[in-house]
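The values are calculated or read from the model by the stated rules, or taken from the named source; none is laboratory data. Since we're looking at a predicted model, the values are computed, not measured. Here the Cβ is made from the backbone with ideal geometry for all residues, glycine too, and neighbour counts use every protein chain on show.
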Amino acid sequence: MIIDLHIHSKDCSDGKMTVKEIITEAKSRNIGLMSITDHDCIDCQEEAMALSKKNGISYVSGVELNVTFSHSKYHEGKSISLDFLGYEYDINSKRFRDKLCIIAEYREERAAKILANLNTEFEKEGIEKLTRKDFEQIQASVDGVLGRPHIADYLVKKGIVGTRQEAFDRYLVRFDVPKFPLYLEEASRLVRNAGGKIVLAHPNDSHGTSLVTLTKSLAEQTAIIEESMLPHIDGVECWHSRNDTHTTRHYLEFAKKHGLIMTGGSDCHQKPIVMGTVKIPKYVAEQFNLE
């Protein structure tokens with residue numbers, strides 16, 4: 001069985017393909033178990049479940065939550081962002097949906113503040129400032145929740161930068177605004193109270209939101225998890241498209257030691273399409289209540 005439990009859509013996140021296109025592609029790649037894990041948004045889950053069932057693909061409800069985390073021994077105790085994956089939750093949980101609506105509203109406010117910061121810099125550089133109309137066009141380009149990738153894509157469209165990565169390197173990292181302060185304890189309660197499981201995503205991803213921000217040492221990373229996370233998580237993402245063999249082995253041993261579930265996925269945003277390319281053992285499927 002080909003498994004991919006970490007995929008992002010265009011409809012509800014920062015992917016490049018719609019849910020329908022993702023399911024069609026997954027079927028063509030013989031994916032047998034999958035989950036679309038959009039950022040802080042579960043609006044596409046009902047459609048994903050229905051289309052997966054229609055195409056004979058086992059599906060697990062998914063979401064990727066951005067969490068504010070800090071540890072006194074690292075990063076001068078300052079907060080960083082980490083990602084956690086929620087699986088098998090009830091997609092109709094009112095408490096979960098209400099909280100995600102609050103986060104979505106904050107994303108709009110955050111985007112407006114980021115644009116204000118960019119305009120201050122653009123004025124210094126002699127670049128034409130972004131207007132309310134520009135902000136409305138960015139909003140119109142978003143099917144799901146608004147995030148920095150959408151702003152980056154708009155800067156490319158305007159010709160201010162050449163690529164999304166350049167937008168981040170030149171502007172969006174320097175002129176960022178803090179994300180919604182969702183802490184692990186609350187994120188865990190939200191997912192678990194909705195009947196789901198919560199999993200630490202890509203813990204050693206040097207190009208993403210991960211514990212690498214605190215330390216590159218795998219031993220220190222798992223020590224942090226032991227000290228601060230174990231009561232609040234159910235698993236760890238052990239397989240990821242940017243993992244090396246050593247990282248996967250280390251986190252597999254750690255998960256087994258603590259009785260945590262082990263998940264994996266490509267983290268596919270469909271540029272390029274990598275869904276289903278991460279080799280994930282069949283036993284991962286046995287950790288979920290599949291029909």
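Structure summary
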item	result
Pairs with Cβ under 7 Å, 6+ apart, first in region 125-151 and of a type in the set (S, T, N, Q), second surrounded by fewer than 14 Cβ atoms within 10 Å (Cβ to Cβ)	none
Of all residues in region 234-291 being of a type in the set (S, T, N, Q) and not in a loop (DSSP other than H, G, I, E, B), the one that is surrounded by the most Cβ atoms within 10 Å (Cβ to Cβ)	Thr263
Positions within region 171-184 being of a type in the set (D, E, K, R) and crowded, with 18+ Cβ neighbours inside 10 Å, in sequence order	Lys179
Met49 vs. criteria more than 20 Å from Ala194 (Cβ to Cβ) and either in the same structural domain as Phe84 (by TED's automatic domain parsing) or surrounded by fewer than 22 Cβ atoms within 10 Å (Cβ to Cβ) (or both)	no
Given (1) under 16 Å from Pro281 (Cα atoms); (2) of a type outside the set (D, E, K, R); (3) surrounded by fewer than 17 Cβ atoms within 10 Å (Cβ to Cβ), number of the condition Pro231 does not satisfy	(1)
Flag if His246 is out of contact with any strand residue (DSSP E or B) (no Cβ under 8 Å at 6 or more places or on another chain) and in contact (Cβ under 8 Å) with a residue 12 or more places away in the chain	yes
Phe96 vs. criteria modelled with pLDDT of 95 or more, under 18 Å from the mean Cα position of the chain (by Cα) and within 23 Å of Glu286 (Cβ to Cβ)	no
Filtered residues of region 142-164 (kept if surrounded by fewer than 14 Cβ atoms within 10 Å (Cβ to Cβ) and not charged (D, E, K, R))	Gly159, Gly162, Thr163
Candidate set: region 184-217, residues that are among the polar types (S, T, N, Q) and assigned to a loop (DSSP other than H, G, I, E, B); chosen: the one farthest from Lys99 (Cα to Cα)	Ser217
Residue within region 264-280 that is hydroxyl-bearing (Ser, Thr, Tyr) and under 17 Å from the mean Cα position of the chain (by Cα) present	yes
Looking only at region 115-164, and only at residues there that are of a type in the set (Lys, Arg) and more than 22 Å from Thr209 (Cβ to Cβ), the one that is nearest to the chain's Cα centre (by Cα)	Lys157
Complete set of residues in region 18-49 that are touching a helix residue (DSSP H, G or I) at 6+ places or on another chain (Cβ under 7 Å), in contact (Cβ under 8 Å) with a residue 60 or more places away in the chain and farther than 23 Å from Ser188 by Cα	Leu33
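Let's see how each residue does on (1) small (Gly, Ala, Ser); (2) touching a strand residue (DSSP E or B) at 6+ places or on another chain (Cβ under 9 Å); (3) part of a strand (DSSP E or B):
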| position | (1), (2), (3) |
| --- | --- |
| Leu33 | no, yes, yes |
| Cys41 | no, yes, no |
| Gly56 | yes, yes, no |
| Lys73 | no, no, no |
| Ser81 | yes, yes, yes |
